[in-house]
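In what follows, a structure is listed as structure tokens, so that the remarks can point back to it.
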Amino acid sequence: MINIGVIGCGYWGPNLIRNFMENTKSAVVAVCDKNPEMLKAMKQKFDIQKTVTDYREMINDPEIQAVVISTPASTHYQIAKDCINAGKDILVEKPLTTNSKECEELTALADKKGVILMVGHVYLFHPAVRKIKELIDSGALGKVSYIKSFRENPGPIRGDVNCVWDLAPHDIAMVNYFMGSLPRKVQAVGSCYLKKGVHDMASVKMGYDGGVDVYIRSNWMNPISERLTLVFGDKKSVLFNDRSNEKLTLFDTVIQKEERTGGEYHVYQNPIYHGSVQYPRTDGTEPLKLQTEHFLDCVKTRAKPLTDGINGAGVVRVLEAIDKSLKENTEVEL
């Protein structure tokens, strides 16, 4: 049994607590939050005996083997650093930090201390995302031309980061996973409505090796929630709709060149033919449950997590480039 401490009981914290409580390999023995009322609610809901308002009290507890950090992104670096120095294995919610240099520092420190550092890029554990990766790698989609991913919600509005840092880490992590690399360049435009200098919506274009273009749209002011990812190949295309009961839709897509004659001129066209539509079945297990299981296995076996510090730092590097592009209104190379 692995004893877990959870720091941060706000928006996402209760979901993490629930999954670690339900897993037979772990027990949540302590939770931390600055808000005493939140701690009271967690104690009543999950019957957790130890609650603290200072995380340092938690990480100095020898009973706790691993710590889950679910606090605002701007606080991740210091809390994670203190946990690593205390010898605790950690799962940090995305993004790892708000600075890639800090990510690299934490990764090196974790290696030095021999502790597990994992980042909560939960979509990499989604069965539908795993299936898309399988379709790409097997060549079932053919040559991938472009990917688009839209993530738009009616809030929550964050106080410490913009919409890109809040929403796009999911999409960036997925596309990096699909492509097996970081983009070579990014270009972004966006708008600030609620607070000067803090983007509430943004559109990003990223260029990957092989001529694959990726389009990401982030918006936390949308009245409806949309989570769509489309991977377009010259044989088949696949749509991931996280808001649908049918998570995946696979389209037969063939692009052919035709020569049509008429009068004096030859007309060349590239029509897109759509054939059958399929709905591939995927495991219905909650992605957060699969992420929890992976973290606990890594703690037990000391294996490198799929979403380790290097993976997390790569996502932050892309986010930094997007920020620079938004501020300077220019294309940024990584």
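The values are calculated or read from the model by the stated rules, or taken from the named source; none is laboratory data. Bear in mind that the values here come from a model prediction, so they are computed numbers and not experimental data. For neighbour counting, all protein chains shown are included, and Cβ atoms are generated from backbone atoms with ideal geometry for every residue, glycine included.
List the residue pairs whose Cβ atoms are under 6 Å apart, where the first residue sits in region 124-144 and is more than 12 Å from T229 (Cβ to Cβ), the second is surrounded by fewer than 22 Cβ atoms within 10 Å (Cβ to Cβ) and of a type in the set (D, E), and the two are 6 or more positions apart or on different chains. Listed by first residue and then by second, the contacts come to P127/D283; G142/D234; K143/D234. Among the residues of region 1-46, write down those that are touching a residue at least 24 places away in the same chain (Cβ under 8 Å) and polar (S, T, N, Q). Once the filter is applied, which keeps residues that are touching a residue at least 24 places away in the same chain (Cβ under 8 Å) and polar (S, T, N, Q), region 1-46 yields N3, N15, N19, N23, S26, N35.
Can you tell me which residue within region 271-303, out of those that are β-branched (V, I, T) and not in a strand (DSSP E or B), is surrounded by the most Cβ atoms within 10 Å (Cβ to Cβ)? Break it down stepwise before answering.
At the first step, the residues of region 271-303 found to be β-branched (V, I, T) are 272, 277, 282, 285, 292, 299, 301.
Filter again for not in a strand (DSSP E or B), leaving 282, 285, 292, 299, 301.
Working: T282: 17, T285: 12, T292: 27, V299: 22, T301: 9.
Residue satisfying both the conditions and the ranking: T292.
Are any residues in region 183-210 among the aliphatic types (A, V, I, L, M), in contact (Cβ under 8 Å) with a residue 60 or more places away in the chain and buried (at least 20 other Cβ atoms within 10 Å of the Cβ), and if so, which ones?
Within region 183-210, V186, A188, A202, V204, M206 qualify.
Return the total of residues in region 1-19 being closer than 15 Å to D89 by Cα and surrounded by fewer than 24 Cβ atoms within 10 Å (Cβ to Cβ). Lay out the reasoning, then the answer.
As a first pass, look at region 1-19 and keep what is closer than 15 Å to D89 by Cα: 1-7.
Those left that are additionally surrounded by fewer than 24 Cβ atoms within 10 Å (Cβ to Cβ): 1-3.
Qualifying residue count, region 1-19: 3.
In a residue-by-residue description of region 88-99, the property of being hydrophobic (A, V, I, L, M, F, W, C) and either more than 19 Å from the chain's Cα centre (by Cα) or in the same structural domain as V212 (by TED's automatic domain parsing) (or both) applies to no position.
The condition of being more than 24 Å from K300 (Cβ to Cβ), crowded, with 16+ Cβ neighbours inside 10 Å and in contact with a Pro (Cβ under 8 Å, 6 or more places away or on another chain) does not hold for M38.
For (1) modelled with pLDDT of 95 or more; (2) more than 17 Å from L288 (Cα to Cα); (3) outside any helix (DSSP H, G or I); (4) charged (D, E, K, R), each residue gets a yes or a no:
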residue: V6; (1), (2), (3), (4): yes, no, yes, no
residue: G10; (1), (2), (3), (4): no, no, yes, no
residue: R18; (1), (2), (3), (4): yes, no, no, yes
residue: A27; (1), (2), (3), (4): yes, no, yes, no
residue: Q44; (1), (2), (3), (4): no, yes, no, no
residue: T51; (1), (2), (3), (4): yes, yes, yes, no
residue: E57; (1), (2), (3), (4): no, yes, no, yes
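Restricting attention to region 137-171, the residues that are in a strand (DSSP E or B), of a type in the set (G, A, S) and surrounded by 22 or more Cβ atoms within 10 Å (Cβ to Cβ) add up to 1.
Taken residue by residue, region 21-37 has at least one member that is polar (S, T, N, Q), under 26 Å from the mean Cα position of the chain (by Cα) and within 24 Å of G114 (Cβ to Cβ). Report yes if L306 is part of a loop (DSSP other than H, G, I, E, B), modelled with pLDDT of 95 or more and not polar (S, T, N, Q), otherwise no. So L306 passes the test. Could you check, for region 172-182, whether at least one of its residues is in contact with a Gly (Cβ under 7 Å, 6 or more places away or on another chain) and either surrounded by fewer than 20 Cβ atoms within 10 Å (Cβ to Cβ) or of a type in the set (A, V, I, L, M, F, W, C) (or both)? The answer is yes; a qualifying residue exists. The C-beta contact set for region 89-114 (first residue assigned to a loop (DSSP other than H, G, I, E, B), second residue of a type in the set (S, T, Y) and surrounded by fewer than 18 Cβ atoms within 10 Å (Cβ to Cβ), distance under 9 angstrom, 6+ apart or interchain) comprises T97/S74; T98/S74.
Taking the condition of a type in the set (F, W, Y) and at pLDDT 95 or above, does F240 pass? Full working, then the answer.
Details: of a type in the set (F, W, Y): yes; at pLDDT 95 or above: yes.
Answer is yes for this residue.
In region 211-237, the residues that are more than 10 Å from K143 (Cα to Cα) reach residues that are in a strand (DSSP E or B) and among the charged types (D, E, K, R) with C-beta atoms within less than 6 angstrom, at least six apart or across chains, in these pairs: Y215/K148; Y215/K205; S218/R151; N219/E152; N222/E152; E226/E152; R227/R151; L230/K148.
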